[in-house]
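First up is the structure itself, then whatever we jot down about it.
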Amino acid sequence: MALKVCKFGGTSMADGHTMTKVKNIVEGDADRRFVVVSAPGKRFSGDTKVTDLLYKCYSDILSHGDCKRAFADVRKRFEGIVKELGLNFDMASVLDETERRIEEERSEDFTASRGEYLAAIVMSELLGAQFIDSEDVVFFDEKGVLDDKKTYAAIAAAVQGKSRAVFPGFYGRDVNGKVKTFSRGGSDISGSIVARAVGASVYENWTDVSGFLACDPRIVDSPKWIKTLSYKELRELSYMGANVLHSDSIFPVRRANIPIVIKNTFRPEDEGTSILPIAQYKPGGNIVTGIAGKKDFTVIFIEKSNMNSEIGFVCKVLSVLARYGISVEHIPSGIDTMSVVISGDHLDNFRLEQVLESIKAEVEPDFMRVTENIALIATVGHGMSSSVGTSARLFKALAEEGVNVKMIDQGSSEMNIIVGVKNEDMEKSIAAIYREFFTNINPD
Ligand code: ASP
C-alpha cells in the first residue's frame, strides 16, 4: 500500500471552511496517513497571517512585558475556527496555556511556532487523529542543523501503530531543550522530514496553486504549467524566487528518492507538479523547464594582471567576505578578472566600504568596480545541456529586447544559465526569454 505524507500550507489552514477542504482531501484517500500543517494564513488580501500576529506578540513582550493585546487577535482567529468547525473541545484552556507559556519563555522562536502548534491541535481534533508535537520528535544539533538520524528515529517510533497523525510544521527542539524554528515557510521542510522518516511513497505539498508555472504569472500572462521538475531544477528555480516551495525542502526526501507533488487544496482534481529525482526530458521536448528571477544583488568586479597565476587569489577574496559573514552567490571569472555576486540583503553601504577596503588590502587589485541593483535571472532546464544553440537563442532574445546583460554565469551542471541585468530590466528580460523558449512548442 502507498503511504502519503501531506503538508497543508497557510491558505489551506486559513479558516474553518478551508480546513474542511483539508479534511475531505485527507479522508478521501486512505493512503494519506500523516499530515503536517502550517499556521493559518491570510483569509483575504490585507489579512494578517497568524505567524505574523505571533511575531507581533513577541515584539510586544520585548517592548512592554506582556502580549495581552496582540495575543487577543490570535485567540480570536482560533476561537473563530473552532466555532466554525463545530468542534467540541476546550480550546480556551489550550489558548490560555499557550499565552502563559509565551510570556514565560520570552523566546521569539517559541512564540512564532505556536501558530503551527495550535493549528495542528485543531486539525487533529477535526480528523480524529493523533497529535504529535514536533518539539518531541524534530531535533537540531549544537550547530542549529537538523539532527536527522535522531529525528527520523523519533518520528518513526512516534507513528508506530497510529493510523493517522498530525504534526505541526516549522519547528523542533534544540540541544538546550528549547523550541527552534526553521526559516520562514519552513513547514515545507517539516513535511519533507516526516515523509523521509516514515518512508512515504510520496510527499504531497498542498498549496493554493496547481503547481509550478514556467515563470511568474505577474510577468507573463498564463505561463505554461510545469508537469514535472527534477530536484535540481526545483532547487535552482525556488532559490531564484519561484516561491511555491521552500528551497531546502528537497534535502530530506532527496536521499530516499521520494517524489514531491505540489497540489492545490482549492482544485484537488488538478494534476499538480511532480518533483522527481531525475529529469523527465525527452529529446524534442521542452529545452527550458522554467525561468525565475530575483532582484537586488551587488556585483564586485575585480581585475588584476596575472590573477590566474597568483596562487590563492580567489581564496583570499572569499576569505575577506567570509570574515564579514557574507555569503557569495556566484563567482563568474576570467583570466585576469573575477566578480563576486552578493545578495543585497547582506550589505549596507558602510559594510560595503569596509569589505572593499579589506579586499584592496588583501589582494592589491589593479581595478575594482561595484554594481548595485542587479537582478539575476536563471533559465533552468535539463534539456539545455543536450541542445545546441540554447545560449545563443537566449542572448538574442535579450538583445532584441534591448537589454544590456551585465553578467553571465553558466552553471557547471549545464542545466542553468544565469544572467545579471539591471533591476528594472528583470521583468522584460524574463518575458523575452519566455517568448523565445515557450512560444510554438508542442504541448507535452
Ligand atoms: N508559519 C510559518 C511562516 O509563516 C511557517 C510556514 O508557513 O511554513 O513562515
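Calculate the tail of P(r) for segment 337-444: the fraction of all Cα-Cα distances greater than 24 Å, expressed in %.
In whole percent, the share of Cα-Cα pairs in segment 337-444 beyond 24 Å is 38.
Under 5 Å between amide hydrogens, built in the peptide plane, is the criterion, and for ASN205 it picks out LYS7, VAL261, ILE262, LYS263 among residues at least 5 positions away or on other chains.
Estimated from helical segments only, the mean residue ellipticity of the chain at 222 nm is -12000 deg cm²/dmol, where each DSSP H run of four or more residues counts as -39500 (n - 2.57). Using C-alpha pairs below 8 Å separated by at least 6 residues, the relative contact order for segment 313-371 is 34 percent. Amide H contacts of PHE131 (H built 1.01 Å from N, in plane; Pro and chain starts excluded): VAL166 sit under 5 Å, all sequence-distant by 5 or more or on other chains. Available extension along the chain between ASP96 and GLU364 is 90.3 nm, counting 0.36 nm per residue and deducting the alpha carbon span. Mind scanning LYS143/LYS232; LYS56/LYS295; LYS232/LYS396; LYS56/LYS76 and naming the pairs with a C-alpha gap bigger than 19 Å? In this structure, LYS143/LYS232; LYS56/LYS295; LYS232/LYS396 lie more than 19 Å apart at Cα. Of all alpha-carbon pairs in segment 143-204, indicate the percentage at a distance above 19 angstrom. Percentage above 19 Å: 29. Normalised by residue count, the chain yields a Cα convex hull volume of 170 Å³ per residue. For the chain, the cysteines with no partner cysteine C-beta closer than 4.7 Å are CYS6, CYS215, CYS315. Pairs exceeding 30 Å between alpha-carbon atoms, taken from LYS21/LYS149; LYS23/LYS294; LYS83/LYS263; LYS150/LYS224: LYS21/LYS149; LYS23/LYS294; LYS150/LYS224. Can you tell me the 0 to 90 degree angle between the C-alpha axis of helix 187-198 and the longest principal axis of the chain, rounded to 10? Between the helix axis and the principal axis of the chain, the angle is about 70 degrees. Across segment 69-211, Cα-Cα distances exceeding 20 Å account for 50% of all pairs. Taking amide hydrogens as placed 1.01 Å from N in the peptide plane, the amide H of ASP296 sits under 5 Å from those of ILE374, ALA375, each at least 5 positions away in sequence or on another chain. Taken over the C-alpha atoms, segment 1-156 has Rg and Dmax values of 16.2, 54 angstrom.
Cross-link candidates for LYS304: which lysines have Cα within less than 17 Å, leaving aside residues fewer than 8 places away along the same chain? Partners found: LYS316, LYS360.
Would you work out the relative contact order for segment 277-381, in percent, from Cα pairs under 8 angstrom that are 6 or more residues apart? Provide the component values of the computation, followed by the final result.
Working: 148 pairs, mean separation 50.1, N = 105.
It comes to 48 percent, rounded to a whole number.
Phi-derived couplings, Karplus 6.51 cos²θ - 1.76 cosθ + 1.60 at θ = phi - 60°, listed residue by residue for segment 20-26: 5, 4, 4, 4, 5, 5, 5 Hz, with x used for Gly and Pro. Across segment 388-437, the relative contact order, built from alpha-carbon pairs under 8 Å that are at least six residues apart, equals 38 percent. Fewest-first ordering of MET407, MET426 by other beta carbons within 10 Å of each residue's beta carbon gives MET407, MET426. Phi angles of segment 394-408 translate, via the Karplus equation with coefficients 6.51, -1.76, 1.60 and θ = phi - 60°, into HN-Hα couplings of 5, 6, 5, 4, 5, 4, 5, 8, x, 8, 8, 7, 8, 7, 10 Hz per residue; Gly and Pro are given as x.
Throughout, read-outs are computed from the coordinates displayed, never taken from laboratory work. Bear in mind the structure is a predicted one, so any value in this text is a computation, not a measurement. Cβ atoms come from the backbone with ideal geometry, glycine included; neighbour counts cover every protein chain shown.
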